[in-house]
Amino acid sequence: MKLGMFLLGMIFSACLWADDLRPASLTIQQVQPFAFDISWTVPLKNGVRPDFSVKFSGDFRQTSPKIARRLNNTSRENWRIESNDAAAGLAGETITIVGLRGSTYEVLLRLVDENSQTITAVLNTDKPDYVVPAIDSVEGENSIIAYIGLGIEHILIGLDHLLFVACLVYISGTRRKLLLTITGFTIAHSVTLILAATEVLVIPIPPVEAVIALSIVFLAWEIAKNREASLSLKYPILVSSSFGLLHGFGFASVLADIGLPEGEKLSALLCFNIGVEIGQLLFVTSLFLVFWSLKKLYQPLSMQMLRFPTSYSCGVLATFWMFERLASF
């Protein structure tokens, strides 16, 4: 019982900061030699926008009013700036995210010139400033690295996805079943991630997020019942594949917030998905390492002993998420 309360407390604590780590997105698109369109997207925390702003070191003026709106729990602003120096562009300028230092947020910065060449960088609390190089001097790998990193970070801070994977690990039972189960989940969410990110298939995200929470409640209930004859425990790949389709839409909603670079959409999408898979493997590996370590410290420990702490902690939190997300429709 004490172990269950400890796990529950840890999960609720993680819930408090998980949303803070959703990345913000700043896209600067060159539309004329010295004119740039700004697209600034910041995730909301409990409906409140963090006090961030974009600052340029050079002599720029705003030439259009800011158009602000809220969409999918994010704040989005668009405006245009122009350089007052007819001989200057963005190269050599310093872009600063004011308020980023000391926060847990990250900002995906994307700079696109008139030829659709792109620079991608990730800013954070240790690096709130970025000095813009000449785009021709930047190697193409920067977008690949950035999107793989974002994919890894998203799965590792996406507590709902992690709880679902943890439940899959529990119901798999054997290594062979676990391999098939995780493979089924990977294929399923990869398919819907690609379809949704390329807008081949578009469905509203709020209901999807509610059903994702419901999928965790379902698995928690199956773990608590522990009936070997149940379809979920006998064929966990069916559960992982079917619910994995929905989780793919959840991953796609993150990409919708941060966007995909023009001319590199396919490679960025692939890299994000690779990052998600790497993060997923890291999480599953860490679960086994934690269990192995606890087993060394306490020999009688078994998966059966963890059944109720796992099912109750995951189930209670997922139920809370489900009602919270249903209320936001």
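Any residue that is surrounded by fewer than 11 Cβ atoms within 10 Å (Cβ to Cβ), assigned to a strand (DSSP E or B) and out of contact with any strand residue (DSSP E or B) (no Cβ under 9 Å at 6 or more places or on another chain) - is there at least one of those in segment 50-70? No, that holds for no residue. Could you please let me know if Thr174 is β-branched (Val, Ile, Thr), farther than 16 Å from Ala252 by Cα and modelled with pLDDT under 90? Yes. Within segment 124-133, the set of residues being in a loop (DSSP other than H, G, I, E, B) and within 25 Å of Lys265 (Cα to Cα) comprises Val132, Pro133. When the residues of segment 85-108 are filtered to those that are within 13 Å of Ser53 (Cα to Cα) and not in a loop (DSSP other than H, G, I, E, B), the one that is nearest to the chain's Cα centre (by Cα) is Val107.
Exactly one residue among Asp129, Asp85, Asp113 is among the acidic types (Asp, Glu) and at pLDDT 90 or above, and that residue is Asp129.
The rows are residues; the columns are (1) assigned by TED's automatic domain parsing to the domain that holds Thr319; (2) of a type outside the set (S, T, N, Q); (3) under 22 Å from Ile274 (Cα atoms).
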position: Phe164; (1), (2), (3): yes, yes, yes
position: Val169; (1), (2), (3): yes, yes, yes
position: Ile182; (1), (2), (3): yes, yes, yes
position: Ala188; (1), (2), (3): yes, yes, yes
position: Leu195; (1), (2), (3): yes, yes, yes
position: Ala213; (1), (2), (3): yes, yes, no
position: Ala229; (1), (2), (3): yes, yes, no
position: Ser240; (1), (2), (3): yes, no, yes
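Residue check: Ala121 meets all listed conditions (1) outside any strand (DSSP E or B); (2) small (Gly, Ala, Ser); (3) modelled with pLDDT of 80 or more; (4) surrounded by 14 or more Cβ atoms within 10 Å (Cβ to Cβ) but one, namely (1). Reported count of residues in segment 275-322, each being of a type in the set (S, T, N, Q) and closer than 25 Å to His189 by Cβ, is 7. Remark: pairs (first residue in segment 207-225, touching a residue at least 12 places away in the same chain (Cβ under 8 Å) and at negative phi; second residue of a type in the set (Val, Ile, Thr) and surrounded by fewer than 20 Cβ atoms within 10 Å (Cβ to Cβ); Cβ separation under 7 Å; 6+ apart in sequence or on different chains) = Val217/Thr319. When the residues of segment 71-107 are filtered to those that are closer than 18 Å to Ala35 by Cα and of a type in the set (Gly, Ala, Ser), which remaining residue is surrounded by the most Cβ atoms within 10 Å (Cβ to Cβ)? Restricting to residues being closer than 18 Å to Ala35 by Cα and of a type in the set (Gly, Ala, Ser), the top hit is Ser83. The residues in segment 140-162 that are over 15 Å from Val276 (Cβ atoms) and acidic (Asp, Glu) can be counted, and the count is 1.
Restricting segment 150-160 to residues that are touching a helix residue (DSSP H, G or I) at 6+ places or on another chain (Cβ under 6 Å) and closer than 16 Å to Ala318 by Cβ leaves a set whose member that is surrounded by the fewest Cβ atoms within 10 Å (Cβ to Cβ) is Leu159. Scanning segment 262-318 for residues that are among the polar types (S, T, N, Q) and loosely packed, with under 14 Cβ neighbours inside 10 Å gives Thr285, Ser286, Ser293, Gln299, Ser302, Gln304.
The values are calculated or read from the model by the stated rules, or taken from the named source; none is laboratory data. Since the model is a prediction, treat every value here as computed from it, not as a measurement. Cβ sites come from the backbone with ideal geometry, for glycine too, and all protein chains shown count toward neighbours.
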